[in-house]
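The numbers here are math on the coordinates, done by the rules we state, and not lab data. These numbers were taken from a predicted model, which means no experiment stands behind them. Methodologically, a virtual Cβ is constructed for each residue, glycine included, from the backbone with ideal geometry; neighbour enumeration extends over all protein chains shown.
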Amino acid sequence: MRTPLLVVTGVDPVAMNATLMSLAWDLPRAVSVRHRIDPHSQVLSRVVSDATGVLEREQVHLEHACVTCALREDILPTLERLAADGRWSAIVSGLPLATEAAHLAHLISADRRLARRLRLGAVLAAIGTGDVVRDLLSDDLLRERDLHTSPDDDRGVGEVACAQVEYADLVVLDGDPGAPARDLLAALARPDVPLVAGAAELDAAELTTRRHRPGVSTAWCTPGLDVELPPLASEHAFRLDLHSPRPFHPDRLLEDIERLGGGPHRTRGSFWVPTRPGDQLEWSGAGGQLSVGAHSAWGRRTPTTRIVVTGLGTPPPCLAAAFDELLLTPAEALLDQRTWDVPEDGLEPWLGDIRDVA
């Protein structure tokens, strides 16, 4: 019999701890495991507890202080071991701060041995209400708050927090953040995901009966956004869906990327450039911190450029204009593909060498 697993993510340690404690309190026959990464010492700390108290308190020296190593070297082996023990009715797992659950969910579903032991019930995003809008849409870096997971972790707080909300099956707030913040969270989360004000309002027993659907979460979070966005009925938040069959011009993208990627917004999606016609490229940013990179091959899919912008207030008209001006013009789109067959396009620092990714 598989053991239900509830996973908690977040960038606010207080909100995460409150959610973990509430779940453990409501599930007296459950075991709780909390992992933390110290990027300075490259040490992963693990604390395992149940209703009787602390059962384990260990430190694991990682080969590299990163989430991937933590998952491989201790988080997944610990979850499998606890499930195999048979003493507990459920497992509550608090991932390291600033960790996204998608990789964990994929590994559990893809590994037959793990899938026989564990059933991922739900992924929860724990949100602190001290300043929700700043956490989601500011240009703060994780390392500026000592929340980074490795020495070379240059991610923004907003990019990670938004991604956690977008992937979650449930968003848990440690209080009432106010109407604008609630509207922003609702715009980022999947339409069927509830916002719960207060960890005490969670129904932990009901969560253990659920089954996390990776395909549903992935469809909402994938760079291609392979879902139809429902209308956003919000007094405070906006969502702007920018899309075109044409690619971005590589030169204009380099020169003017900040026009679309800057500002207090969440931007995500995928794009392509004519110099790399076979590659789907990922766009993910928040608060002006932007990451672009190679995601996958288009394969038989028709390449398209789609960026979704989410924010508060009224959508700035400059965003749509910036998107249009980054695209190839209709005349440029008619040029022969040989025009774009170049050895370099200037995007190598982010996308790799053309001959390696083509």
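Among G269, G313, G288, which is the only one that is more than 22 Å from E228 (Cα to Cα) and surrounded by 15 or more Cβ atoms within 10 Å (Cβ to Cβ)?
G288
Scan (1) over 26 Å from Q42 (Cα atoms); (2) out of contact with any Ser or Thr (no Cβ under 7 Å at 6 or more places or on another chain) for the single condition V172 breaks and write down its number.
(2)
Just give me the residues in segment 249-273 being on the phi > 0 side of the Ramachandran plot and assigned to a strand (DSSP E or B), in sequence order.
Within segment 249-273, G269 is the sole residue that qualifies.
From the list G198, G224, which one is within 25 Å of D26 (Cβ to Cβ) and over 12 Å from the mean Cα position of the chain (by Cα)?
G198
Filter segment 340-356 down to the residues that are in contact (Cβ under 8 Å) with a residue 40 or more places away in the chain and in a helix (DSSP H, G or I) and list them by number.
W340, W350, L351, I354, listed by residue number.
Which of the residues belonging to segment 316-331 are crowded, with 19+ Cβ neighbours inside 10 Å and either in contact with an Asp or Glu (Cβ under 9 Å, 6 or more places away or on another chain) or of a type outside the set (F, W, Y) (or both)?
Of everything in segment 316-331, those that are crowded, with 19+ Cβ neighbours inside 10 Å and either in contact with an Asp or Glu (Cβ under 9 Å, 6 or more places away or on another chain) or of a type outside the set (F, W, Y) (or both) turn out to be L319, A322, L326, L327, L328.
Under the condition of being among the aliphatic types (A, V, I, L, M) and within 15 Å of the chain's Cα centre (by Cα), which residue from segment 254-307 is nearest to I354 (Cα to Cα)?
For segment 254-307, the residue satisfying everything is V292.
The conditions are (1) in contact with a strand residue (DSSP E or B) (Cβ under 6 Å, 6 or more places away or on another chain); (2) within 22 Å of P13 (Cβ to Cβ); (3) not β-branched (V, I, T), and A98 fails exactly one of them. Which is it?
Status for A98: all satisfied but (1).
What residue, among those in segment 145-168 that are assigned to a loop (DSSP other than H, G, I, E, B) and without any contact (Cβ under 8 Å) to a residue 60 or more places away in the chain, is nearest to the chain's Cα centre (by Cα)?
In this case the residue turns out to be D154.
For segment 1-15, which residues satisfy the criterion of being crowded, with 22+ Cβ neighbours inside 10 Å and more than 16 Å from the chain's Cα centre (by Cα)?
T3, P4, L5, L6, A15 - these are the residues of segment 1-15 that are crowded, with 22+ Cβ neighbours inside 10 Å and more than 16 Å from the chain's Cα centre (by Cα).
All but one of (1) surrounded by fewer than 18 Cβ atoms within 10 Å (Cβ to Cβ); (2) among the β-branched types (V, I, T); (3) in contact with a strand residue (DSSP E or B) (Cβ under 7 Å, 6 or more places away or on another chain) hold for I37, so report the exception by its number.
(1)
For the subset of segment 104-149 comprising residues that are hydroxyl-bearing (S, T, Y) and under 20 Å from V8 (Cα atoms), which member is surrounded by the most Cβ atoms within 10 Å (Cβ to Cβ)?
Checking each candidate, the answer is T149.
Being over 21 Å from L107 (Cβ atoms), without any contact (Cβ under 8 Å) to a residue 60 or more places away in the chain and touching a Ser or Thr at 6+ places or on another chain (Cβ under 7 Å), is that true of even one residue in segment 55-71?
Yes, segment 55-71 contains at least one residue that is over 21 Å from L107 (Cβ atoms), without any contact (Cβ under 8 Å) to a residue 60 or more places away in the chain and touching a Ser or Thr at 6+ places or on another chain (Cβ under 7 Å).
So that you can scan it fast, the table gives a plain yes or no per residue for (1) part of a loop (DSSP other than H, G, I, E, B); (2) aliphatic (A, V, I, L, M):
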{"site": "L23", "(1), (2)": "no, yes"}
{"site": "R36", "(1), (2)": "no, no"}
{"site": "S45", "(1), (2)": "no, no"}
{"site": "S49", "(1), (2)": "no, no"}
{"site": "E58", "(1), (2)": "no, no"}
{"site": "A70", "(1), (2)": "no, yes"}
{"site": "D74", "(1), (2)": "no, no"}
{"site": "L82", "(1), (2)": "no, yes"}
{"site": "R87", "(1), (2)": "yes, no"}
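Being in contact (Cβ under 8 Å) with a residue 12 or more places away in the chain, out of contact with any Asp or Glu (no Cβ under 7 Å at 6 or more places or on another chain) and within 27 Å of L195 (Cβ to Cβ) narrows it down to one of L136, L107, L142, so name that one.
After applying the criteria, what remains is L136.
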